[in-house]
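None of the figures in this text is laboratory data; all of them are computed from the coordinates on show. All values derive from a computational prediction rather than experimental measurement. Glycine also receives a Cβ, built like all others from the backbone with ideal geometry; neighbour counts cover every protein chain displayed.
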Amino acid sequence: MTHAEADAEARRRNGEADGPGLWAAKRGDGDDWRVVHLVGGGLQRTKPTGAHVESRPKPPEPSDPRPAIFQNIPPYGGAG
């Protein structure tokens, strides 16, 4: 069985399954693939919940508008 065939079979079995665990493709000897049933605590397919929202990147912090003499830049300040 090829990887694509094993993956398709695992997806098919996961779509039909109502019991615990899930089906997955596992590589055997060489390029031989097989479908295995994984059962254990916390092994289950999860469905997405809610909306997927990406946060926008924060804008760069503006430079200090104060005159250089009052900024925390050496030699007049900040070196200590």
Under the 0.36 nm per residue contour assumption, what length would be gained going from the current alpha-carbon distance of GLU61 and VAL39 to full extension? 2.9 nm
Taking 58-64, 35-41 and ranking on average Cβ neighbours within 10 Å, highest first, one gets 35-41, 58-64
